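Asks: Handing you this structure, nothing more for now.
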Amino acid sequence: MRVVALKEGADFDGWRQAARTLLLDEVPPEKVTWLVTGEASLLPDHDAPTAQASARPAPRIPAEFLGLMQSLICHSDPQRYGLAYRLLWRLTHGERQLLQLITDADVMRARNAEKNVRRDSHKMKAFVRFREVKAADGEPVGAFANNSVFIAWFEPSHYIVERVAPFFVRRFTGMRWSILTPYRSAHWDGETLSFSAGATKADAPSEDVLEDYWRTYYASIFNPARLKVQAMQSEMPVKYWKNLPEAQLIPSLIREARPRTLAMVEAEATTPKKRFAAPELRSAVVQPQGSLAELRAQARDCRGCALWQPATQTVFGEGPEHAQLMLVGEQPGDQEDLAGRPFIGPAGRLLDKALLEAGLDRKTLYVTNAVKHFKFTARNIFRQHQGANAEEQRACRPWLQAEIQRVRPKLILCLGATAASNLIAADFPLLAQRGQWHRWPDGTQLMATVHPSYLLRLKEPAARARETAAFVQDLRRVAEILTAA
Ligand code: URA
């Protein structure tokens, strides 16, 4: 048995070095025990690689894998190092495409860990609250305008301090600050970012004048008529409340929301602000004409409904002009809207992997959407997807019909209920009829399956694995018909 002792926290460099040695010595994952410092002192040192092994070239590792490992190792799972090495072993022992297997248990566990670490990092960026501490008289203040130091206390769920600290350096370059956490503390003195041991909550100040600013700000953006306690708690989970000054207000704001809303309903209407007149719709009836390239150009200026206005651009379909298979999604998302291409965001990445696993090459498919503009509501700095209504879908349908007429695919796969209700039947029962073939009079065959975003929304790993496998299975059935044709 080989024993590897690593530093507390996210010791990516230590893991990488040890994993390289173990790999060169051909030590399989089940023969390695991974420990973090502290436990290690009681155990023998781990071996150095043999001279023979050191002479062998290290295997090449894809950058995507290393990125995934960097996130995985920040996770608080005590078995993360073992999992990371097992994945590395498999990748270098005949499973080069391992990361594409989205239903593999190890890959899923690593991807979930990556997601949790990303979420925790996001929460840290959102919920760190600095408190001002005046440095003692006579203490050097360097380039700073005043002699303040800002200190924050934060309790991350994972080992993310080193990873997130550069964000605060960029954001608060002109301040001297420290972020204290139970396992590590980060310090910025205006020039250098450094790290020290963890701290306790008592090491951080408990109140300062900035608290009032937070509370005033929070109370003024709180809209009692739009109170959704569950959504609020998932955005700002209760575990962070104890360190957020504004969280003290939440119970009373919730309590008062209903009487305040009723009072708003009772109150006299105020005169709305004058708005600019909306530009006229150029044409409510869209009339696409010409080749696929010409359609794409015309669609750029479509004003068939009002969705063009807030959206960045029309996202038209793409793919070979005579693809045998057409995939139809719902509407572009945030990233598609910015890039002008369908399915390139998170749902698109999941789709690409599932296609690969089913033996379908995206480059040979035509991929489009039932609606060509992103519909959203603004939520803080985020744009949140909103389903297009029946009228917006109707206004967009001529584009989809024209795409189908030009491409003439043999098979159409509807991703989700919106596509299916536009192409198969208005009240298409997706869950009852997914995976079944339908046929148009001209011979085109259609099938509907779930939308990849549905899979992304499944939080429970077992349910996500099961549904993803069923999705890949639907794609395989499409692939089979294509190869048989
Ligand atoms: N979801 C869709 O339905 N289409 C896209 O292009 C992206 C996400």
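The values are calculated or read from the model by the stated rules, or taken from the named source; none is laboratory data. All values reported here derive from a predicted model rather than from experimental measurement. Cβ coordinates were reconstructed from backbone atoms using ideal geometry, including for glycine residues, and neighbour counts include every protein chain displayed. Accessible surface is based on the protein model in full, side chains and every heavy atom, while ligands, DNA and RNA are left aside. Shrake-Rupley method; radii C 1.70, N 1.55, O 1.52, S 1.80 Å.
Asks: Using the Cα gyration tensor of segment 2-123, with a ≥ b ≥ c the square roots of its eigenvalues, what is the shape: rounded (a/c below 1.5), prolate (a/b larger than b/c) or oblate (neither)?
Replies: oblate
Asks: Could I ask something else about it? If each residue of separation counts as 0.36 nm, what is the full-extension length gain between Gln309 and Ala263 once their alpha-carbon separation is subtracted? Before the final figure, lay out each step's value.
Replies: Values: separation 46, 0.36 × 46 = 16.56 nm, distance 3.45 nm.
Contour length minus the Cα-Cα distance gives 13.1 nm.
Asks: Around Thr33, which amide H atoms from residues at least 5 apart in sequence, or from another chain, sit under 5 Å from its own amide H, with H modelled in the peptide plane?
Replies: Arg2, Val3, Val4
Asks: If you roll a 1.4 Å probe over the heavy atoms of the protein chains, what accessible area per residue do you get for segment 292-484, in Å²? If you can, show how the numbers build up before the last one.
Replies: Details: 8890 Å² over 193 residues.
Per residue, segment 292-484 has 46 Å² of solvent-accessible surface.
Asks: Once phi is turned into θ = phi - 60°, what whole-Hz ³J(HN,Hα) does the Karplus curve with 6.51, -1.76 and 1.60 give for every residue of segment 428-433, x standing for Gly and Pro?
Replies: Those phi angles translate into 4, x, 4, 5, 6, 10 Hz.
Asks: What nm value, rounded to one decimal, do you get for the distance between Arg349 and Asp442 when each label is placed 7 Å out toward the C-beta?
Replies: 3.7 nm
Asks: Which far-off residues, 5 or more places away or on another chain, put their amide H under 5 Å from the one on Ser148, with H placed in the peptide plane?
Replies: Amide H neighbours of Ser148, under 5 Å, 5+ apart: Ala135.
Asks: Stretched out fully, how many nm does the piece from Thr173 to Glu64 gain, at 0.36 nm a residue minus the Cα gap?
Replies: Gain in length upon complete extension: 36.2 nm.
Asks: Kindly identify segment 292-484 as rounded, prolate or oblate by the Cα gyration tensor criterion: order the square roots of the eigenvalues as a ≥ b ≥ c, call it rounded if a/c is under 1.5, otherwise compare a/b with b/c, prolate if a/b is larger, else oblate. If you can, show how the numbers build up before the last one.
Replies: Working: a/c = 1.56, a/b = 1.15, b/c = 1.35.
Oblate, since a/c reaches 1.5 and b/c is not below a/b.
Asks: Read phi for every residue in segment 251-258 and hand back ³J(HN,Hα) as whole Hz from Karplus 6.51 cos²θ - 1.76 cosθ + 1.60, θ = phi - 60°, with x for Gly and Pro.
Replies: After applying 6.51 cos²θ - 1.76 cosθ + 1.60, I find x, 6, 5, 5, 4, 8, 4, 5 Hz.
Asks: Can you list residues whose amide H is under 5 Å from Asn369's amide H, if they're 5+ apart or on another chain and H is modeled 1.01 Å from N?
Replies: Gly317, Gly329
Asks: Report the FRET efficiency, 1/(1 + (r/R0)^6), for Val238 and Arg457, where r is their Cβ-Cβ distance and R0 is 22 Å, rounded to 0.05.
Replies: It comes out at approximately 0.50.
Asks: Pull up the DSSP beta bridges for segment 292-484 and report the antiparallel fraction as a percent, rounded to 5. Write down the numbers at each step before the final one.
Replies: Details: 7 of 20 bridges.
Percent antiparallel among DSSP bridges in segment 292-484 is about 35.
Asks: Still on this model: On a full-extension model of 0.36 nm per residue, what is the gain between Arg394 and Ala470, subtracting their alpha-carbon distance, rounded to one decimal in nm?
Replies: Numbers: separation 76, 0.36 × 76 = 27.36 nm, distance 3.04 nm.
Once the chain is fully extended between Arg394 and Ala470, it gains 24.3 nm.
Asks: Moving on to the next point. Explain nothing, just compute: Karplus ³J(HN,Hα) = 6.51 cos²θ - 1.76 cosθ + 1.60, θ = phi - 60°, for every residue of segment 405-414 in order, whole Hz, x for Gly and Pro.
Replies: 5, 6, 6, 6, x, 6, 10, 10, 10, 8
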